[in-house]
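Colleague: Have a look at this one.
The values are calculated or read from the model by the stated rules, or taken from the named source; none is laboratory data. The shown structure was predicted, so the numbers you read here are calculated from the model rather than taken from an experiment. Cβ atoms come from the backbone with ideal geometry, glycine included; neighbour counts cover every protein chain shown. Ligands, DNA and RNA are excluded from the accessible area calculation, which covers all protein heavy atoms including side chains. Shrake-Rupley method; radii C 1.70, N 1.55, O 1.52, S 1.80 Å.
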Amino acid sequence: MQAPPSLRVARPVMYHRWSEMTFMHWRYPPAEIQRLLPAGLTVDTFDGAAWVGLTTFLMEDVRVPHSPALPWLSRFPETNVRTYVRDGRGRDGVWFLSLDAGRLLAVLGARVAYRLPYFWSGMSVRADGERRGYRCRRRWPGPPGARCDADVEIGPPLAEPERDELAHFLTARYRLFTTVAGRTAHAEIEHPDWPLRHARLIRLKEDLLQAGGLAAPDGAPVLHASSGVPVRIGMWSR
């Protein structure tokens, strides 16, 4: 099954590469997620459930147009807590409950320019063969000490029948939502299809979901992994 086509961003304001990505997703009651959303957004469901993702990865080659990627500032770990929503026009996208990043300057810039709930954290991503180790410990703003420690074993690529509707629902998202001056805004994202792989969770110790206002997740997550994709991000539109 083919993924939905990516949006096309003619005038990007940011370039990224999202690398060494692991997606972990849990089911939640839709009403529990809806209460965390602003007016104008409705929780997007699959199989009768809302879904919350814990995504861990490396941000690489971060730059603005016509500028080179700076060696220190352009590469850092990131861990997001996200869910899926639709706006009043039926457009789907991502709503972030939190975004933890390992560069303070990137956190400050994203909070000011993109109005996203970024947090500065001590973080690392380590690759050892097919094993990935992700570490995150929140520093600022609070609650300090919120964490995500995950060890994952990367498996083979998904076969074509395994690239199903659920896999695309959880990973093929091309729009971000936020609020600017009390109004809903969105930014469009362009990237190629994720080269998705199987993954096995070896160890997970986290409370970022609870820090974002959620109950602790119940049961084993649905996992996907990817080596990554290049990304073009557009300007906010209200």
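Colleague: Run the simple label-point estimate for R89 and L204 please: 7 Å along Cα→C-beta, distance reported in nm.
Modeller: 3.4
Colleague: Related question: Quick check on the chain: take the gyration tensor over C-alpha atoms, sort the square-rooted eigenvalues as a ≥ b ≥ c, and tell me if it's rounded (a/c under 1.5), prolate or oblate.
Modeller: Working: a/c = 1.13, a/b = 1.03, b/c = 1.09.
Rounded is the answer for the chain, as its axis ratio a/c remains below 1.5.
Colleague: Sort 166-174, 67-75 for me by packing, meaning the mean count of neighbouring Cβ atoms within 10 Å per residue, highest on top.
Modeller: Highest-to-lowest ranking by the protection proxy: 166-174, 67-75.
Colleague: Still on this structure, I have one more. Which percent of the accessible area of the range 86-238 is formed by carbon and sulfur heavy atoms (probe 1.4 angstrom)?
Modeller: 52
Colleague: Label L108 and F46 with points 7 Å out from Cα along Cα→Cβ: what is the distance between them in nm?
Modeller: Placing both labels 7 Å along Cα→Cβ, they lie 3.8 nm apart.
Colleague: Sticking with this structure for a sec: Contour minus end-to-end for A159 and V13, with contour as 0.36 nm per residue of separation and end-to-end as the Cα-Cα distance?
Modeller: Using 0.36 nm per residue and subtracting the Cα-Cα distance, I get 49.1 nm.
Colleague: Oh, and also: With a 1.4 Å probe and every protein chain left in place, work out the accessible area per residue of the chain in Å², rounded to a whole number.
Modeller: Per-residue accessible area for the chain comes out at 46 Å².
Colleague: Continuing with this model, one more query. Using just the helices of the chain, give the 222 nm mean residue ellipticity in deg cm²/dmol: DSSP H runs with n ≥ 4 each add -39,500 (n - 2.57), and the total is spread over all residues, rounded to 500.
Modeller: Taken over the chain, the calculation gives -2500 deg cm²/dmol.
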